[in-house]
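Trainee: Okay, handing you the structure first.
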There are 4 protein chains.
Amino acid sequence: MSTRSATHLLISCPDRPGIVAGVSRFLFEQGANIVEADQYATEPEGGTFYMRMAFRLEGGSPDDFERSFVADVAEPFGMEWRLAYPDEPRRVAVLVSREEHCLLDLLWRARRGDFDAQIVHVISNHPDHEADVAAFGVPYTHIPSGDGPSAAEDQMAAVLAGNVELVVLARYMRILSGGFLERVGVPFINIHHSFLPAFPGAEPYARAAERGVKIIGATAHYVTEELDEGPIVEQDVARVSHRHSTEELAAIGRDIERIVLARAVGWHLQDRVIVHENRTVVF
Amino acid sequence: MSTRSATHLLISCPDRPGIVAGVSRFLFEQGANIVEADQYATEPEGGTFYMRMAFRLEGGSPDDFERSFVADVAEPFGMEWRLAYPDEPRRVAVLVSREEHCLLDLLWRARRGDFDAQIVHVISNHPDHEADVAAFGVPYTHIPSGDGPSAAEDQMAAVLAGNVELVVLARYMRILSGGFLERVGVPFINIHHSFLPAFPGAEPYARAAERGVKIIGATAHYVTEELDEGPIVEQDVARVSHRHSTEELAAIGRDIERIVLARAVGWHLQDRVIVHENRTVVF
Amino acid sequence: MSTRSATHLLISCPDRPGIVAGVSRFLFEQGANIVEADQYATEPEGGTFYMRMAFRLEGGSPDDFERSFVADVAEPFGMEWRLAYPDEPRRVAVLVSREEHCLLDLLWRARRGDFDAQIVHVISNHPDHEADVAAFGVPYTHIPSGDGPSAAEDQMAAVLAGNVELVVLARYMRILSGGFLERVGVPFINIHHSFLPAFPGAEPYARAAERGVKIIGATAHYVTEELDEGPIVEQDVARVSHRHSTEELAAIGRDIERIVLARAVGWHLQDRVIVHENRTVVF
Amino acid sequence: MSTRSATHLLISCPDRPGIVAGVSRFLFEQGANIVEADQYATEPEGGTFYMRMAFRLEGGSPDDFERSFVADVAEPFGMEWRLAYPDEPRRVAVLVSREEHCLLDLLWRARRGDFDAQIVHVISNHPDHEADVAAFGVPYTHIPSGDGPSAAEDQMAAVLAGNVELVVLARYMRILSGGFLERVGVPFINIHHSFLPAFPGAEPYARAAERGVKIIGATAHYVTEELDEGPIVEQDVARVSHRHSTEELAAIGRDIERIVLARAVGWHLQDRVIVHENRTVVF
């Protein structure tokens, strides 16, 4: 379901008859060849309508295309919309603390070309990953937490703001302030090592062992000011038993975490995720 | 994702620009309110295009609607198509041998209203299930295999042909001839107790134990003349270990079989399944 | 892994060297043929030791066997222990409210002989299931909630106390008092329709839809006075998406609930479950 | 369930009463502290008995321990047995072709200390992975296939024979001769990119797409002379749909392959796997 050489159009608007007809006629008249189309309405009638179109545009200027789209479709239907062109690989930064499994996994996948994106910076409050990251030719900035959260956030904002379109928290274990998120001004995707809403916050594997659950999981979600409360993009789980210590739960969990995070990042970069009232529509 | 009070339109045709625009404009002009839309093209360009639309029609006669659809859309695009209206609950027959778990599960679900269908007949080559089936108010015909496959097929064809729109083989352990399938002339869905293409044919659980697999499964597929080779609608699996005997594999498998079969039957009855070159598109 | 024609011995005691040697030598000297053996120690050293032995005893009286076991093994090692003999099929009661899927599933499995037990009574605060239960030849008592929880508990205790060895709450939607649990005095297994500790209490499917989780689940646990806080015996999950309404989540969940509950009940009846500090060891 | 600082004892012998008593008494008398014990008999009576004991030995010489074990236990019961001591980290070689995901995953896990083993050599018929492997400080030998399979096998045997205790085929796409396996003389674990016995041999993802399966998988197995027919150690699966191209199936499959392979290698290195008539017992 890769649509990476296609233009992506994301739409949301109040539902009403004629939206699909309007959008698809516009694309047809512009000579666009639709590769993928998904839609979802929150209610049978009167809800919110969401749509993702992936299409190939032969010739024509994006500016002309957008101008016509706004006039002919977006304004008449009162749409919020976004267009993403295939010649714009996204710039992504990764923040990480001590655990390196998610970081390495993202670097491998990016190098393979699995994402339509470039990892342009890795920031860590630990110095340990410098050689690993250098092997992928990616700049690494060690920003210790020693001078307090606010100093670290200032340094990180200086690196990130205006420089990236997505920040991935790949087991970054510090809480980020709302002000910092705002200053950077792009989506943040976090991997949390439990199947939320179970075990939000600290030490989820220890608490899973304590509670005696038979299944553990991981959750990738957009970051909001409220810890582990943002819109969930993807989750997955694994079976465990009374025989597993907290350390063994963590080892099993590492495999879930990196796969769940990679799926969420990949879908985001293919413009498949729309946030709707703290939930996600994943096309 | 139930669309049971909606009209369903299924389309397949050679892919080319303008199909979505054409169909959606037609539905808009007919006053149809689209509830769900799915599409799939086998190739980015030049393949086969498949579409399912679920919509609500306010007023108007189905005959007029169909006549206009053929003239305005289906013929210009060279479509194969099918329309299903919500006031037409499907008539379903179930064929079963000795194992009753899939039969009972289908009867429970049908009674709950989980399917948009009525089970109108159960046929078995065993007499054992008569009381169970009677409790659901469904006629039960015992057709023993003693007189040979051809005599049994004659008797079954007399009950089924022209009377049902779907036949479900709920662990029916006899092979049906191509001639019989043709005489009945409706889709047959079978549940096979392995994850095909592994272990087609007889005794799949014994062979799974013999081979030492760590996962077993079940497969619901449309029946064709070639045994266990028809288009797969749904599959699911469960983990097993060296500790499980063949009988224990069968017990675990029963839970997979009835769920996989129920999903496949439910999707078929919601017109979500299109067959394409011995594969299925499941919308 | 059925050990149904075997005697089951469950042991817990402070861990120390020589336990396995002591128990296995005793069984060997008694002429017991060990069919299955499982053990677990909470710590490498100095924790609690748990063991389950399934074995066949040829001849000899259970009383003599138990007397020798206590003198030779249980007392020297300071064991808590329990012996269950295969000629003692357990008596089980089922409590149920409006949703019948778990009830029907348990009745059907018991009839097949999947459990080493007999369902001897069904109690419901709804009258609807009488015919279904009668078809399995099981007594059904309708105890309406109208006269208040305490009156209903009195009536239920009169039916259950001294009459059953296990009570299964098969989607019984009333909270039971600690006093009632004590009066009945046997284990209660409940099925909760979420993957605990996520969504304890009321309306878990609605809250799952509201939170936008990508996975739902069910949990079978022993009942304690604290709602949905008892030791977890089994859990399982299914993937869902933004497209599923609360009703559709509930429909998907029904299939998980009945399977998770059946596994937990089956393991309990095979003496595979030991409770340890609000967690379970499942052998 | 790690037992890495423990001594491992693996036993197989004809089943008969008294084996557990004999082994556990011997260990008790030797002052061994049992950490984990698992056993399995192929039949209730008269089959083959398998056992794994993990224990800590305080003091004493391994030689004395083994001599006593043979005299007191192994010979009287006619056992095949193997003892593995924790101070003997295993030497592992990895063979790989073009696809690097399994190789990188193994190198990373070995570096973390997830395996009780050292990867001492990587051999590939492709030159591409040299820098990646060097970053982990592991020797890399490029042995091109150009001079024919027999010349390549000679070169590989020269590197491997007598030098390693396990060879992992981490997507090594050449068939190895029985003579070569014999010359190297240690277990080989292969990852095959399908859920065997479905799709053995070449191009399993293309054939999965062609057949229209709804689930794909991967299988880790010991290598025998017959291609993809050796004893299965581990399998896992993922759901797919008609929307996935062969390339997308391969991408999804990569995540299953590396996890299944890592589990199988980890279990083998913890002496948890016993081969029994082309099947495995995994403790």
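Trainee: Look at A:Val184 and say whether it is open to solvent by less than 20 Å² (accessible area, probe 1.4 Å), free of Cβ contacts under 8 Å to residues at least 40 places away in the same chain and either of a type in the set (Phe, Trp, Tyr) or within 14 Å of chain C (Cβ to nearest Cβ) (or both).
Mentor: no
Trainee: Could I ask something else about it? From the list B:Val133, B:Val94, B:Val138, which one is part of a helix (DSSP H, G or I) and β-branched (Val, Ile, Thr)?
Mentor: B:Val133
Trainee: A follow-up question, please. Do you know which of the residues in segment C:15-61 that are basic (Lys, Arg) and under 21 Å from C:Ser5 (Cβ atoms) is modelled with the lowest pLDDT?
Mentor: Filtering first and then ranking leaves C:Arg56.
Trainee: For segment C:210-225, name all the residues that are part of a loop (DSSP other than H, G, I, E, B) and either surrounded by fewer than 19 Cβ atoms within 10 Å (Cβ to Cβ) or hydrophobic (A, V, I, L, M, F, W, C) (or both).
Mentor: Answer for segment C:210-225, where residues must be part of a loop (DSSP other than H, G, I, E, B) and either surrounded by fewer than 19 Cβ atoms within 10 Å (Cβ to Cβ) or hydrophobic (A, V, I, L, M, F, W, C) (or both): C:Val213, C:Val223, C:Thr224, C:Glu225.
Trainee: Restricted to segment A:1-45, and to residues that are within 7 Å of another protein chain (Cβ to nearest Cβ), touching a strand residue (DSSP E or B) at 6+ places or on another chain (Cβ under 9 Å) and not hydrophobic (A, V, I, L, M, F, W, C), which residue is most open to solvent (accessible area, probe 1.4 Å)?
Mentor: Of everything passing the filter in segment A:1-45, A:Glu45 is most open to solvent (accessible area, probe 1.4 Å).
Trainee: Give segment B:230-255 a look and list any residue that's more than 9 Å from chain D (Cβ to nearest Cβ), more than 20 Å from D:Phe283 (Cα to Cα) and in a loop (DSSP other than H, G, I, E, B), or say none.
Mentor: B:Gly230
Trainee: Considering each residue of segment C:133-175, count those that are modelled with pLDDT of 95 or more and under 25 Å from C:Ala218 (Cα atoms), and give that number.
Mentor: Residues that pass the stated criteria total 9.
Trainee: OK, next. Just one of the numbered conditions (1) crowded, with 23+ Cβ neighbours inside 10 Å; (2) under 23 Å from C:His244 (Cβ atoms) is not true of A:Leu261; which one?
Mentor: (2)
Trainee: Condition (residue is in contact with a Pro (Cβ under 7 Å, 6 or more places away or on another chain), in the same structural domain as C:Pro17 (by TED's automatic domain parsing) and touching a residue at least 24 places away in the same chain (Cβ under 8 Å)) applied to segment C:59-74: is it met by at least one residue?
Mentor: Among the residues of segment C:59-74, not one is in contact with a Pro (Cβ under 7 Å, 6 or more places away or on another chain), in the same structural domain as C:Pro17 (by TED's automatic domain parsing) and touching a residue at least 24 places away in the same chain (Cβ under 8 Å), which makes the answer no.
Every residue, every condition in (1) at positive phi; (2) more than 14 Å from chain C (Cβ to nearest Cβ); (3) in a strand (DSSP E or B); (4) in contact (Cβ under 8 Å) with a residue 12 or more places away in the chain, yes or no:
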| position | (1), (2), (3), (4) |
| --- | --- |
| A:Ala152 | no, yes, no, yes |
| A:Val159 | no, yes, no, yes |
| A:Arg171 | yes, yes, no, yes |
| A:Ile175 | no, yes, no, yes |
| A:Phe195 | no, no, no, yes |
| A:Ala208 | no, no, no, yes |
| A:Leu227 | no, yes, no, yes |
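Trainee: Give segment B:152-181 a look and list any residue that's over 18 Å from the mean Cα position of the chain (by Cα) and surrounded by 22 or more Cβ atoms within 10 Å (Cβ to Cβ), or say none.
Mentor: Residue satisfying the conditions is B:Met156 alone.
Trainee: Taking D:Ile189 as meeting all but one of (1) open to solvent by 10 Å² or more (accessible area, probe 1.4 Å); (2) in contact (Cβ under 8 Å) with a residue 60 or more places away in the chain, write down the number of the exception.
Mentor: (1)
Trainee: Could you tell me which residue of segment C:107-130 is surrounded by the fewest Cβ atoms within 10 Å (Cβ to Cβ), considering only residues that are at pLDDT 95 or above, away from chain B (no Cβ under 13 Å) and farther than 25 Å from C:Ala151 by Cα?
Mentor: Among those that are at pLDDT 95 or above, away from chain B (no Cβ under 13 Å) and farther than 25 Å from C:Ala151 by Cα, it is C:Gln118.
Trainee: I'm trying to understand the selection: among the residues of segment D:1-51, which are of a type in the set (Lys, Arg) and touching a Phe, Trp or Tyr at 6+ places or on another chain (Cβ under 8 Å)?
Mentor: D:Arg16
Trainee: Among the residues that make up segment C:80-103, is at least one of them under 27 Å from the mean Cα position of the chain (by Cα), without any contact (Cβ under 8 Å) to a residue 24 or more places away in the chain and more than 17 Å from D:Gln39 (Cβ to Cβ)?
Mentor: So far as segment C:80-103 goes, yes, one or more of its residues are under 27 Å from the mean Cα position of the chain (by Cα), without any contact (Cβ under 8 Å) to a residue 24 or more places away in the chain and more than 17 Å from D:Gln39 (Cβ to Cβ).
Trainee: Only one of D:Asp64, D:Asp87, D:Asp72 is over 22 Å from C:Pro17 (Cα atoms) and either of a type outside the set (A, V, I, L, M, F, W, C) or at pLDDT below 90 (or both). Can you tell me which?
Mentor: Going through D:Asp64, D:Asp87, D:Asp72 in turn, just one is over 22 Å from C:Pro17 (Cα atoms) and either of a type outside the set (A, V, I, L, M, F, W, C) or at pLDDT below 90 (or both): D:Asp87.
The values are calculated or read from the model by the stated rules, or taken from the named source; none is laboratory data. Nothing here was measured: the structure is a model prediction, and the numbers come from that model. No Cβ is skipped: glycine too gets one built from the backbone with ideal geometry, and neighbour counts run over all protein chains shown. For the accessible areas, the whole protein counts, side chains as well, though only heavy atoms, and no ligand, DNA or RNA atoms are used. Shrake-Rupley method; radii C 1.70, N 1.55, O 1.52, S 1.80 Å.
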